[in-house]
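*Asks:* Structure below; questions to follow.
The values are calculated or read from the model by the stated rules, or taken from the named source; none is laboratory data. These figures come from a predicted structure and were not determined experimentally. Positions of Cβ are backbone-derived with ideal geometry, glycine not excepted, and every protein chain shown enters the neighbour counts. Accessible surface areas use protein heavy atoms only, side chains included; no ligands, DNA or RNA. Shrake-Rupley method; radii C 1.70, N 1.55, O 1.52, S 1.80 Å.
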Amino acid sequence: MTPLIVFAAALILSALIFPAAIGQLARARIGQQIREEGPAAHHGKAGTPTAGGLVFVLVALVLYLAADRSVTGGFVLIALILGATLGFVDDFSAIRGRRSLGLKARQKIVIQLASGALLGYLALRWGLTRQLVPFDGRHAISGWILIVVTALAVAAGSNAFNLTDGSDGLAAGAGAISFGALALVAILQHHPGAGLMPAILAGCLIGFLFYNLFPARIFMGDTGSLALGTAMVAAAITTGFLWYLPLLALVFVVETVSVIAQVASFKMTGKRIIRMSPLHNHFIVSGWREMPIALYFWAGSLLAAALAVALARPGSAA
């Protein structure tokens, strides 16, 4: 199958499955816990079914078995499952404890680094080492460097996706654009097989958006955000786009930097540089509606993805 076909299949499957998932999660009382210090507008979302990321894993697994079964697809699927497992434990811990925070940050970062190191080791063993280097063609990353870089990238990427997932539709739309761009990169490099899993995940996210646009009927939860952040790093590795990932996923980077800058500023000066972090919360507390915020962030994600693909010229570096 081609990336376009699996994209359509994933979109249709996820769009059909999510209504049943919403009902099951609601009956199981797997509802979103809202941070007290978050925007006041979010308090009304408490109890909305969460952990919708389980559907991403189900659809990706079914379509991988039906249409892919490649090393590159398997690598991204393993990353997705690793992130989803951590995310589900975090979601379940938060729900059981009836608070917005699940696992401790230190626990999560250790697991994320370990998951990334495992993926780096697998990439090394399976020959997924050649990456596009800006303005210098394609070169292999060797040995322990790949393991360390992948560990750091997974920790950063999964947390960035998690931070961005705080406004209806925002992270799902931006993620769909990023995964779609990675599928396009694979096609331009004449390796469409490497684009199957990114296309599947892009389709899953579009299907999810039918139910996650404001007002959201379901959230992906940490189950989804940590899974997708981890899978995005893995997909960047399989398409040789790892060094371009910060540009490709610029929206996620900006959201993360806004949190780091806010915390640093408050600790050093006692002042905030924006009204509330991450950046999308600044706009929410400033009175913006969530749909326009999502649209502006999607536009930024689309521009960043287009620039990354154009600068990389993957077709000439294959």
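*Asks:* Please determine whether any residue of the stretch 49-71 is open to solvent by 20 Å² or more (accessible area, probe 1.4 Å), touching a residue at least 12 places away in the same chain (Cβ under 8 Å), under 30 Å from Phe283 (Cα atoms) and assigned to a helix (DSSP H, G or I).
*Replies:* yes
*Asks:* Let me ask something additional. Scan the stretch 265-314 residue by residue and report those that are open to solvent by 40 Å² or more (accessible area, probe 1.4 Å), more than 26 Å from Phe214 (Cβ to Cβ) and either assigned to a helix (DSSP H, G or I) or in contact (Cβ under 8 Å) with a residue 60 or more places away in the chain (or both).
*Replies:* Answer for the stretch 265-314, where residues must be open to solvent by 40 Å² or more (accessible area, probe 1.4 Å), more than 26 Å from Phe214 (Cβ to Cβ) and either assigned to a helix (DSSP H, G or I) or in contact (Cβ under 8 Å) with a residue 60 or more places away in the chain (or both): Phe266, Lys267, Met268, Thr269, Leu307, Ala310, Leu311.
*Asks:* Which members of the stretch 116-155 meet the condition of being within 15 Å of Ala235 (Cβ to Cβ) and surrounded by 17 or more Cβ atoms within 10 Å (Cβ to Cβ)?
*Replies:* Once the filter is applied, which keeps residues that are within 15 Å of Ala235 (Cβ to Cβ) and surrounded by 17 or more Cβ atoms within 10 Å (Cβ to Cβ), the stretch 116-155 yields Gly116, Leu119, Gly120, Leu122, Ala123, Leu128, Gln131, Leu132, Thr150, Ala153, Val154.
*Asks:* State all residues of the stretch 14-31 that are more than 20 Å from Ala172 (Cα to Cα) and open to solvent by 40 Å² or more (accessible area, probe 1.4 Å); if no residue qualifies, say none.
*Replies:* Within the stretch 14-31, Gln24, Ala26, Arg27, Ala28, Arg29 qualify.
*Asks:* Need at least 1 residues that are of a type outside the set (Lys, Arg) and touching a Lys or Arg at 6+ places or on another chain (Cβ under 7 Å) per element, so show me which helices (runs of 4 or more DSSP H) inside the stretch 166-253 make the cut, counting only ones lying wholly within it.
*Replies:* 196-212
*Asks:* Being open to solvent by 20 Å² or more (accessible area, probe 1.4 Å) and of a type in the set (Asp, Glu) narrows it down to one residue among Asp168, Asp222; which is it?
*Replies:* Step by step, each of Asp168, Asp222 is checked, and only Asp222 is open to solvent by 20 Å² or more (accessible area, probe 1.4 Å) and of a type in the set (Asp, Glu).
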